[in-house]
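So the structure is just underneath, and the comments pick up after that.
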Amino acid sequence: MKTICTAVILFFTSITAPANKPVGKVDLNKFAGKWYSLYSIPTMFDKGTRETTTTYTLNKDGYYNVVTVAKKGEDNEVKTYNSKLFPDKENNAAEMKAQFVWPIKVAYWVIDIADDYSYVVVGHPDYKFLFIMSRKPGMPQDEYNKIVAKCKAMGYPVEKLVSQQQKAN
């Protein structure tokens, strides 16, 4: 009986949620370009924004120049933010560092990405933010549901996700 209980305990303790970690590999050239932010657990900079797009331009030095454009407030004021994104090319290009203000860099992990680079999910090692982005201003509901379920299993507080209210083109 003791052996059976031990086996059952070992079985259930070996079943774990997916780890919150970057994906295995990101093709830096395929990642470049324009992304529509569809849903996010916003940072203090993102609160109250909508229709956000982010464009990543890979430069010759191996990091991205990033331009984020969003609408904010009741008057739909367009805000533009410039930043940099540094992939860790030696270890894992999916483990990046974002720099919004010099010299501070913040972890920016690609935790999920479609094989065809049609969507990407960006997270943080301490679950501080989450961004679900797509190459188009929308995504099928079933695809969104799968992404959210995966993020929830990784430990993200998905109940805090906010729509970026993208307009269909």
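Enumerate the pairs (first residue in the stretch 31-51 and farther than 16 Å from Y81 by Cα and part of a strand (DSSP E or B); second residue anywhere and among the basic types (K, R) and at pLDDT 90 or above) with beta-carbon separation below 7 Å, excluding pairs fewer than 6 apart on the same chain, so at least 6 apart or on different chains.
The qualifying pairs are I41/K160.
Applying the selection to the stretch 17-30, what residues are in a loop (DSSP other than H, G, I, E, B) and surrounded by fewer than 12 Cβ atoms within 10 Å (Cβ to Cβ)? Steps first, answer last, please.
At the first step, the residues of the stretch 17-30 found to be in a loop (DSSP other than H, G, I, E, B) are 17-27.
Residues satisfying the conditions are A17, A19, G24, K25, D27.
State which residue pairs qualify: first residue assigned to a loop (DSSP other than H, G, I, E, B) and inside the stretch 147-165, second residue β-branched (V, I, T) in any location, beta carbons under 8 Å apart, and separation of 6 or more residues or different chains.
Filtered contacts from the stretch 147-165: M154/I111; Y156/I41; P157/I41; L161/I41; L161/I132; L161/V148; Q164/T49; Q164/T52.
Which members of the stretch 90-136 meet the condition of being surrounded by fewer than 16 Cβ atoms within 10 Å (Cβ to Cβ), out of contact with any strand residue (DSSP E or B) (no Cβ under 8 Å at 6 or more places or on another chain) and among the polar types (S, T, N, Q)?
Selection gives N91 alone.
Before we move on, is V121 at pLDDT below 95, among the aliphatic types (A, V, I, L, M) and either closer than 18 Å to T43 by Cα or touching a His at 6+ places or on another chain (Cβ under 6 Å) (or both)?
Details: at pLDDT below 95: no; among the aliphatic types (A, V, I, L, M): yes; either closer than 18 Å to T43 by Cα or touching a His at 6+ places or on another chain (Cβ under 6 Å) (or both): yes.
No; evaluated as a whole, the condition is false for this residue.
Pull up the stretch 107-142, narrow it to residues that are hydrophobic (A, V, I, L, M, F, W, C) and under 11 Å from F31 (Cα atoms), then point me to the one that is farthest from the chain's Cα centre (by Cα). I'd like the intermediate steps shown before the answer.
Here is the first cut: in the stretch 107-142, the residues hydrophobic (A, V, I, L, M, F, W, C) are 107, 109-111, 113-114, 120-122, 129-133, 139.
After this cut, where a residue has to be under 11 Å from F31 (Cα atoms) as well, the list is 110, 113-114, 120.
Values: V110: 6, I113: 9, A114: 12, V120: 6 Å.
Checking each candidate, the answer is A114.
Would you mind telling me which numbered condition in (1) among the hydrophobic types (A, V, I, L, M, F, W, C); (2) exposed (fewer than 15 other Cβ atoms within 10 Å of the Cβ); (3) farther than 25 Å from K60 by Cβ M154 fails?
Single failed check for M154: (2).
Would you point out the residue of the stretch 83-118, among those that are touching a Ser or Thr at 6+ places or on another chain (Cβ under 8 Å) and modelled with pLDDT of 90 or more, that is farthest from F45 (Cα to Cα)? Don't jump to the end; show me each part of the working.
Going through the stretch 83-118, the residues touching a Ser or Thr at 6+ places or on another chain (Cβ under 8 Å) turn out to be 83, 98-100, 118.
Right, trim to modelled with pLDDT of 90 or more and you get 83, 98-99, 118.
On the way: S83: 12, A98: 13, Q99: 13, S118: 25 Å.
Among residues in the stretch 83-118 that are touching a Ser or Thr at 6+ places or on another chain (Cβ under 8 Å) and modelled with pLDDT of 90 or more, the one farthest from F45 (Cα to Cα) is S118.
Filter the stretch 113-130 down to the residues that are farther than 12 Å from P157 by Cα and in a strand (DSSP E or B) and list them by number.
Selection gives I113, Y119, V120, V121, V122.
Return yes when T54 is modelled with pLDDT of 85 or more and closer than 20 Å to Y144 by Cβ and no when it is not. Spell out how you get there, then give the answer.
Details: modelled with pLDDT of 85 or more: yes; closer than 20 Å to Y144 by Cβ: yes.
Judged against the criteria, T54 is a match.
The values are calculated or read from the model by the stated rules, or taken from the named source; none is laboratory data. Just so it is clear, the model here is predicted, and its values are computed rather than measured. Neighbour counts run over all protein chains shown; Cβ positions are idealised from the backbone, glycine included.
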